[in-house]
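Taking it in order: structure first as structure tokens, then the write-up.
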């Protein structure tokens, strides 16, 4: 048996989908059910002035992306999706979530020009 790097990377990428889905769905659950806004629209680890205002958007981003990743896992295991299909779905979802979180965090923390008022 010869070690194939491509197969190993495919398995690593597939297995990484499990914790990704878990953390994203857990974050959505914390925001919606527990009303925990500590991870909403963070910028450099700091929440915005009014995190409750941005909580529905963060919850929606995490919920939709988590469900898509769970569907990808289901598709690989049950539906036998081809590699090109499921890797594209997972990649677009992961990058889309990172970009959407970045945009939301920058929108929640507007740039202020001039001197800061204490």
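The values are calculated or read from the model by the stated rules, or taken from the named source; none is laboratory data. Given the structure is predicted, the values throughout are model-derived calculations rather than measurements. Every residue, glycine as well, gets a Cβ built from its backbone with ideal geometry; the counts of neighbours run over all protein chains shown.
Structure notes:
- Selected residue [closer than 21 Å to residue 104 by Cβ and touching a helix residue (DSSP H, G or I) at 6+ places or on another chain (Cβ under 8 Å)] from 72, 32: 32
- Residue check for residue 80: under 30 Å from residue 11 (Cα atoms) and part of a loop (DSSP other than H, G, I, E, B): yes
- Total residues in segment 73-93 satisfying the condition of being in contact (Cβ under 8 Å) with a residue 12 or more places away in the chain and over 10 Å from residue 21 (Cα atoms): the figure is 8.
Here is a yes/no grid of residues against (1) farther than 24 Å from residue 74 by Cα; (2) at pLDDT 90 or above:
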position	(1), (2)
22	no, yes
27	no, yes
34	yes, yes
39	yes, no
43	yes, no
46	yes, no
57	yes, yes
62	no, yes
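- Within segment 90-105, the presence of at least one residue that is part of a helix (DSSP H, G or I) and touching a strand residue (DSSP E or B) at 6+ places or on another chain (Cβ under 6 Å) is confirmed.
- Considering segment 27-49, the residues that are touching a residue at least 40 places away in the same chain (Cβ under 8 Å) and not in a loop (DSSP other than H, G, I, E, B) include one that is surrounded by the most Cβ atoms within 10 Å (Cβ to Cβ), namely 43.
- Looking at 8, 21, 52, just one residue is free of Cβ contacts under 8 Å to residues at least 60 places away in the same chain and in contact with a helix residue (DSSP H, G or I) (Cβ under 6 Å, 6 or more places away or on another chain), and that residue is 21.
- Among (1) exposed (fewer than 12 other Cβ atoms within 10 Å of the Cβ); (2) modelled with pLDDT of 95 or more - the single one residue 71 does not satisfy: (1)
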